[in-house]
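Only one structure is covered here, and it is reproduced in the block below.
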Amino acid sequence: MEEKLKQQPSDCIKVVLFGPESTGKTTLSKQLARHYSSVWVREYAREYLQDKWNNERNTCEPKDLLPIAVGQMKLENELAQKTESVLICDTDLLETKVYSEAYYSGTCDPILETYALKNFYDLYFLTYIDTPWEADDLRDKPNERERMFKAFESTLKTYNKPYVLLKGNKQERLRLAIEYIDNLLEQKNEFY
């Protein structure tokens, strides 16, 4: 199990879109991948849980978190080999950890927690809650956006993860994210 949660070595810069549900992470992930002619790692939990909902009319349970984490890392490790520039991650295991703690009385599977903290990303983009809420089968906390945002920000601060807060409309968020990714790419090129 642990081997499946480990990041494989790669030469790309990795950035993560991080934050509560319905804050524009997927939209921005796709925009950034297009801008950099790169790839983006979709959120495996969405397809896993949508399939579960469609087949069982059941939502996420603690037993789902490790299979979700394994699926997420499988996607990330595969796609990291397809770019040498920047890998845009729609989520990561740290986000799964935040949701686990928020939904399941502050608990997180120890193996999941280990790799959520161990896996490395060059930068997190924390998406603010100033985007309109869009309901779907899986989103369930429209009235808890402020609390969830604070949980995400607190996690980044607690574990000393490098992050940038993204606010505003789609164009403002995209512009700021590009600015920071360009800086990371310049630093990488200077180093090599």
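For this structure, a couple of remarks:
- Strands (runs of 3 or more DSSP E) enclosed by the range 1-119 - at least 1 residues per element that are modelled with pLDDT of 95 or more, closer than 25 Å to Ser154 by Cα and of a type outside the set (A, V, I, L, M): 13-18, 86-89
- Checking every residue in the range 152-175 against the condition of being modelled with pLDDT under 95 and surrounded by 16 or more Cβ atoms within 10 Å (Cβ to Cβ) gives zero matches.
- Residues located in the range 71-102, provided they are touching a residue at least 40 places away in the same chain (Cβ under 8 Å), surrounded by fewer than 19 Cβ atoms within 10 Å (Cβ to Cβ) and under 15 Å from Ala45 (Cα atoms): Lys74
- Every residue from the range 59-102 that is of a type in the set (Ser, Thr, Tyr) and within 24 Å of Tyr163 (Cα to Cα): Thr83, Ser85, Thr91, Thr96, Tyr99, Ser100
- Qualifying residue in the range 130-143 (condition: of a type in the set (A, V, I, L, M, F, W, C), modelled with pLDDT of 95 or more and in a loop (DSSP other than H, G, I, E, B)): no
- When Thr27 is tested against (1) closer than 22 Å to Leu165 by Cα; (2) crowded, with 19+ Cβ neighbours inside 10 Å; (3) not aromatic (Phe, Trp, Tyr), only condition (2) is not met.
- Count of the range 165-190 residues which are of a type in the set (D, E, K, R) and on the phi > 0 side of the Ramachandran plot: 0
- Condition met for Phe125 (buried (at least 22 other Cβ atoms within 10 Å of the Cβ), within 19 Å of Val164 (Cβ to Cβ) and at pLDDT 95 or above): yes
The values are calculated or read from the model by the stated rules, or taken from the named source; none is laboratory data. Please read all numbers here as calculations on a predicted model, not as lab measurements. FYI the Cβ positions are ideal-geometry reconstructions off the backbone, even for glycines, and counts take in every protein chain you see.
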